[in-house]
1. List every residue pair whose Cβ atoms lie under 6 Å apart, where the two residues are 6 or more positions apart in sequence or sit on different chains, the first residue falls within the range 91-103 and is buried (at least 21 other Cβ atoms within 10 Å of the Cβ), and the second residue, located anywhere, is of a type in the set (Gly, Ala, Ser).
2. When you check SER264 against the structure, is it under 27 Å from LEU191 (Cβ atoms), of a type in the set (Ser, Thr, Tyr) and exposed (fewer than 14 other Cβ atoms within 10 Å of the Cβ), yes or no?
3. Just checking, which of LEU231, LEU189, LEU279 is among the aliphatic types (A, V, I, L, M), closer than 26 Å to LYS164 by Cα and buried (at least 16 other Cβ atoms within 10 Å of the Cβ)?
4. List every residue pair whose Cβ atoms sit under 6 Å apart, with the two residues 6 or more apart in sequence or on different chains, where the first one lies in the range 106-121 and is touching a residue at least 24 places away in the same chain (Cβ under 8 Å) and more than 17 Å from THR83 (Cβ to Cβ) and the second, anywhere, is part of a helix (DSSP H, G or I) and among the aliphatic types (A, V, I, L, M).
5. Of all residues being surrounded by 19 or more Cβ atoms within 10 Å (Cβ to Cβ) and in contact with an Asp or Glu (Cβ under 9 Å, 6 or more places away or on another chain) in the range 50-63, which is farthest from GLU269 (Cα to Cα)? Just the residue, please.
6. Determine whether GLY101 is modelled with pLDDT under 95 and part of a loop (DSSP other than H, G, I, E, B).
7. Picking from ALA148, ALA153, which residue would you name as being in contact with a Leu (Cβ under 9 Å, 6 or more places away or on another chain), part of a helix (DSSP H, G or I), at pLDDT 95 or above and on the phi < 0 side of the Ramachandran plot?
8. Looking at ALA218, ALA224, ALA243, can you tell me which residue is under 21 Å from the mean Cα position of the chain (by Cα), more than 22 Å from MET206 (Cα to Cα), touching a residue at least 12 places away in the same chain (Cβ under 8 Å) and surrounded by 14 or more Cβ atoms within 10 Å (Cβ to Cβ)?
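The values are calculated or read from the model by the stated rules, or taken from the named source; none is laboratory data. These figures come from a predicted structure and were not determined experimentally. Every residue, glycine among them, receives a Cβ derived from its backbone with ideal geometry; neighbour counts consider all protein chains shown.
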Amino acid sequence: MLEKPIRRQADLLYLEPITACNLHCRMCYTNVINGPNRRVLPAGLVLDFVRRYMALAPPTVELYWCGTGEVFLHPDFPAMVGTVYSEYGERVSSQTVQTNGTMTDRLRELPSIHLIDFFVSVDGVEELHDWHRGAGTFARTMEFCRVAHELGARSIKVRALLTKENIFRLDELYDELRRHAGDEVGLGLILPYTNSVIDKVRGRSMMISQNAIEDDRAIEKPEADEILARLYGTRYEIEECEAVDNYIALTPFGVRTCCNGIISIGQAEDDMDTLFARLEASESDCRACEMFPCQ
C-alpha cells in the first residue's frame, strides 16, 4: 500500500444532491437511482447545510457540485448556485460543476456563469465516447461545451476515463474539444476503477453500485504511462494527487469524507462543529479503506 498523506480540506465542500442520471454508462460504478425511488435533497436542506458550513469554514472556500449521476437533473440546481454567490460573493473562490454535459438547455439558467468552472466527462472521440455513454451523447456534450464557452464559463476541463482504445487518439480528441470549447479547454486523464477494486467496497457505501461494470477496456497505469510518454511526450498526463483528500461531503445518503462515500461521519442535520471534528478524526478509517489511496 502506498504511504500517501491524507489532506483534510476545510476549504472544500462537496455537494451531491441527487442520485438520478439520464445516461447508462458501461464503466460507471456509482449507485444511480432513478424513478420513484430516486433521492433528491431539497434545496432548503442543501442551502442550510452550506450556510452552517460557511459559518465555520476558512475565509475562502470552493464548492464542488456533483451528482451520483447528473447534477443538472436537480430541479433547483441553478438556483442553488446563484443563491450561494449572492449570499457569499468573493468568499466562494469557485463553484465547480461536474457534469456529463448532456443538458445544454439548463446552462442559461445558471447565474454568474462567468464564475463557474466546469468538469465535463468526455471519454474519447465520438465512437469511443458513445460506446461508453450511449449513441449521440458525444454530439450533445460537444454542444454543451460550445454553449458553455459561448456564455463565458470561467473554465472548461474535460475529464476522460483512459482506456486501451482512446489512449491512442488523444490528439484527435483534443483537437475536437478545442473546436467546441475553445483553445483554453483542459484535458485530464483518469484511470478507471475496475471490478477487482470496486468489489472490495461493494456493500460498504450506498453510493457504489452493487452491479459489475464493463472493465475490459480499462488500462493499467504502467502500460498507460509508457504509451503516453512514447506517443505524446509530456502533452498528456494521468491526473494524480500528492495526497488523498478528505472533506465534508453532503450526499443523498448522509455526510461522508469523500466522493466515494465509504466513511460516514453523520447526517445533514448534525451540528457542523461535530462534523468537522469527525472529519478530523477519520484518518485511520481512510487509511483502512480498501480503496486507499484512491487518488
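1. Short answer, once both residue conditions are applied: ASN100/SER121.
2. Spelling it out, it is not the case that SER264 is under 27 Å from LEU191 (Cβ atoms), of a type in the set (Ser, Thr, Tyr) and exposed (fewer than 14 other Cβ atoms within 10 Å of the Cβ).
3. It is LEU189.
4. Sorted first by the residue in the range 106-121, then by its partner, the pairs are LEU107/VAL147; LEU107/ALA148; PHE118/ALA148.
5. Looking at the filtered set, the residue picked out is VAL61.
6. No, not satisfied.
7. Details: ALA153 fails: part of a helix (DSSP H, G or I).
Of ALA148, ALA153, the one residue that is in contact with a Leu (Cβ under 9 Å, 6 or more places away or on another chain), part of a helix (DSSP H, G or I), at pLDDT 95 or above and on the phi < 0 side of the Ramachandran plot is ALA148.
8. Step by step, each of ALA218, ALA224, ALA243 is checked, and only ALA218 is under 21 Å from the mean Cα position of the chain (by Cα), more than 22 Å from MET206 (Cα to Cα), touching a residue at least 12 places away in the same chain (Cβ under 8 Å) and surrounded by 14 or more Cβ atoms within 10 Å (Cβ to Cβ).
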